[in-house]
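*Asks:* First the structure, then my questions, so here it is.
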Amino acid sequence: MEFECQSGTKVGLKDCSRDCVDYSCRGKADPRFIEPSKNPKSSKFNSEKQKSLRRLDGKGGSLSLECEESLAVDEVLHDCRSITDLPPALISEILNCLEPKELGVVSCVNTSLYRLASEHHVWKEFYCERWGQPILLAPLGTENADEKSWKELFVEREFHSKTFMGRYNIDTLYGHTEAVRTVSVLSSKKLVFTSGYDQIVRMWNMEEGLSIASSRPLGCTIRAVAADSRLLVAGGTDGFIHGWRAEDGNPHLFDLTSPQNQNTEFRVWEHEGPITCLALDLNKIYSGSWDMTIRVWDRSSLKCLNVLMHNDWVWSLAPHDTTVASAAGSDLYFWDTNIGSELAIVTNVHAGNAFSLARSHTGKLLFTGGEDGAIHMFEIIRNVKFHVKRVATWIPHSGAVYSLAFEFPWLVSASSDGKLSLIDVRKLLRTNRSYVVEKLSKVDNKVKNVEPPQRMLHGFGSNLFAVDVGLDRIVCAGEEGVVRIWNFSEALEVEQRVRALRGLRLENRMRRRKLQSEMTSKGSCGDQCSVAAKKNQLNGDRNSWRNRRRVAGKLKA
């Protein structure tokens with residue numbers, strides 16, 4: 001990951017070149033500080049203000065307050081011989097501009113920088129902007145030996161993201177009697193929810209691949225399922241939203257097998273057509289339908305808050321914060337859910353219907369899959385106005401893309417050609433965290449030429465309708481009526497062993513280098529002593545020969 005320095009980036013020190021008097025023109029006075037005001041009422045105030053602003057240096061020049069501040073900063077920087085001599089607040093601001101890899105390089109310089117770089121708050125931002133809040137996290141700041149810092153959590157999750165390129169096992173789950181239309185993974189509880197043409201919602205254990213519970217037949221084809229730790233909702237072709245609330249003390253959260261209970265189960269109906277997509281956030285339920293609307297519901301009261309009208313059937317939606325993106329026909333819509341207004345529309349995104357959407361945790365990246373087999377990546381920019389920019393396009397499939405799932409950095413797609421494609425989007429992301437588009441002229445519609453998908457997974461029949469990602473597993477289902485879990489935990493174990501062996505080799509190499517340097521230093525000392533002894537011996541021999549010659553000369557005399 002290279003460090004990218006934008007041309008528009010400026011150093012935080014203020015430029016005082018405009019406020020300082022040119023020393024070469026000592027005879028000329030700066031009119032901003034010396035010329036009195038033309039208003040007689042404010043002349044007294046201006047004269048006092050000018051006296052406070054006027055300061056003479058050794059050459060008779062006048063300096064402004066901004067220049068004085070910059071000179072004070074220069075004096076501080078002049079006394080600093082290294083970055084560790086700077087104030088901690090300034091070091092923190094410098095580290096805040098770096099990327100994870102660059103922070104790791106800085107931490108290898110010395111112990112003080114290692115402590116500053118490892119404990120910096122920016123690691124939390126790195127983690128949350130990629131994967132959201134951690135699934136299991138002990139309260140930070142407690143004196144628990146098993147707790148992990150934000151840097152350790154980031155490194156561990158980044159390490160997990162490499163497993164999708166390794167070995168895998170396939171667990172096949174049987175239970176559905178007809179095609180499966182929808183899959184939802186609840187990673188925090190290691191649960192999988194599936195449903196389809198057999199009208200039954202099934203709950204599976206993702207770790208063991210076993211069926212936990214199944215609902216009664218709901219009376220229609222279920223095309224959408226969404227779940228979190230408090231609520232499970234399913235939408236079908238009858239226009240009803242079927243929901244289950246989590247029960248306290250239930251290890252599997254939801255009781256699907258018991259008869260209808262008004263306290264834990266509910267039904268909502270307002271759509272006039274089949275429900276095709278569902279989504280949940282902290283306070284709302286989102287439902288899209290072939291009646292060309294998206295309805296926003298309050299989770300507690302189950303009342304409809306807003307109705308968002310489209311021009312075609314709604315196929316998919318992806319909410320984030322106060323906005324929701326939706327695919328209707330071949331167009332892409334963006335809405336403000338608070339007031340129910342349309343923010344932007346991108347027409348003719350695909351040649352045919354846009355069947356699927358996926359969105360990043362930050363909401364800045366949006367992926368679309370369509371009937372033409374293409375996948376588009378969009379960047380959402382929210383400054384004064386709402387802008388959408390297409391960044392990249394892939395065409396990995398020969399059939400329609402029915403489902404997308406994104407977990408940084410992997411985008412997984414399921415298609416009617418019976419294949420899964422895995423795409424790593426890290427190469428397309430800007431490395432400068434502080435990059436902000438300031439001018440509309442910088443927003444163009446040029447699409448980058450990107451590499452093909454990093455991996456394709458085969459082995460299915462035709463028509464994969466649904467896919468989802470959770471931890472080190474990919475769950476997919478389709479027309480065959482079976483659910484498959486691609487388990488990459490073996491790749492994680494292999495990678496961990498390789499990492500441990502690499503660490504041992506590095507440690508042994510460092511130990512050998514240390515011993516070699518010690519032996520070399522001892523050998524050099526011995527060589528120096530032997531050379532000195534030989535030198536002394538030669539000098540002694542010469543002196544003795546000269547002494548004998550002197551004695552012989554005296555005797556002759």
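The values are calculated or read from the model by the stated rules, or taken from the named source; none is laboratory data. As the structure is a computational prediction, the values presented were derived from the model and not from experiment. As a convention, Cβ positions derive from the backbone with ideal geometry for all residues, glycine included, and neighbour counts pool all protein chains shown. What goes into the accessible areas is simple: the full protein's heavy atoms, side chains included, and nothing from ligands, DNA or RNA. Shrake-Rupley method; radii C 1.70, N 1.55, O 1.52, S 1.80 Å.
*Asks:* So, for the stretch 203-244, what is the accessible surface per residue at a probe of 1.4 Å, expressed in square angstrom?
*Replies:* I get 32 Å² per residue for this part.
*Asks:* Quick check on my link table: of K148/K385; K151/K419; K190/K427; K124/K427, which ones sit more than 28 Å apart, alpha carbon to alpha carbon?
*Replies:* K148/K385; K151/K419; K190/K427
*Asks:* Let me ask you something else. Determine, from the Cβ-Cβ distance of A500 and M456 and an R0 of 45 Å, the FRET efficiency 1/(1 + (r/R0)^6), rounded to the nearest 0.05.
*Replies:* In this case the efficiency is close to 0.90.
*Asks:* Shifting gears a bit: Apply the a/c threshold of 1.5 to the C-alpha gyration tensor of the stretch 229-328 and tell me whether it is rounded, prolate or oblate.
*Replies:* Judged from the Cα gyration tensor, the stretch 229-328 comes out prolate (a/c at least 1.5, a/b above b/c).
*Asks:* Of the peptides 381-393, 120-132, how do they stack up when ordered by the mean number of other Cβ atoms within 10 Å, highest first?
*Replies:* Going by the mean number of other Cβ atoms within 10 Å, highest first, we get 120-132, 381-393.
*Asks:* Right, here's the next one. For the pair R216/N250, report the inter-label distance in nm, with labels modelled 7 Å from Cα in the Cβ direction.
*Replies:* Those two pseudo-labels are separated by 1.5 nm.
*Asks:* Packing-wise, with mean Cβ within 10 Å as the measure, how do 83-91, 274-282 rank, highest first?
*Replies:* Listed from highest to lowest mean packing, they are 274-282, 83-91.
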